[in-house]
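Each remark here refers to the structure printed beneath this line.
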Amino acid sequence: MPDFILFMHNDSRNTETQDENLAWSHYIEILQAKGVFQGGSSIGSGICKNLSGSNMNITDHLVGYIRIQADTMKHVEELLEGNPVFGSGGTVEIRELPTE
């Protein structure tokens, strides 16, 4: 079964609240119960470097990720149900991970 990464963007209408934390816990429990959850985390601040030594702007709109296994992209889309970012009108970017 292929692995996918769901990148959460910071364009959701919700702010970080206790209710949202509960929503995330519930969503992760759903993914775990379906046997698709492979990990995830919020993403903090950082830097972007290249060999020339210059600092570039980091991608500010990414605030977290979840790694899941799913049969197809359509299956991943179905697994967005209950995702707090997606459910509040925010953007979730879905990427399939290469197998090789």
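The values are calculated or read from the model by the stated rules, or taken from the named source; none is laboratory data. Predicted model, so just to flag it, every value in this text is computed and none were measured. Every residue, glycine as well, gets a Cβ built from its backbone with ideal geometry; the counts of neighbours run over all protein chains shown.
Limited to region 29-71, what total is found for residues that are at pLDDT below 95 and either in contact with a Leu (Cβ under 7 Å, 6 or more places away or on another chain) or assigned to a helix (DSSP H, G or I) (or both)?
Total meeting the criteria: 1.
For the subset of region 73-100 comprising residues that are modelled with pLDDT under 95 and either within 11 Å of residue 4 (Cα to Cα) or assigned to a strand (DSSP E or B) (or both), which member is nearest to the chain's Cα centre (by Cα)?
Taking the candidates together, the pick is 98.
Quick one: in region 62-81, of everything that is over 12 Å from residue 92 (Cα atoms) and charged (D, E, K, R), which residue is surrounded by the most Cβ atoms within 10 Å (Cβ to Cβ)? Break it down stepwise before answering.
Of region 62-81, the ones over 12 Å from residue 92 (Cα atoms) are 67-75, 78.
Of the ones still in play, those that are also charged (D, E, K, R) are 67, 71, 74, 78.
Values: 67: 16, 71: 11, 74: 9, 78: 11.
Once the filter is applied, the top-ranked residue is 67.
Report every pair of residues separated by at least 6 positions or lying on different chains whose Cβ atoms are under 6 Å apart, first residue within region 73-88 and at positive phi, second part of a helix (DSSP H, G or I) and at pLDDT 95 or above.
Hits for this filter: 82/27; 82/30.
Assess whether residue 86 counts as being touching a helix residue (DSSP H, G or I) at 6+ places or on another chain (Cβ under 7 Å) and under 27 Å from residue 98 (Cβ atoms). Don't jump to the end; show me each part of the working.
Working: touching a helix residue (DSSP H, G or I) at 6+ places or on another chain (Cβ under 7 Å): no; under 27 Å from residue 98 (Cβ atoms): yes.
In short, no.
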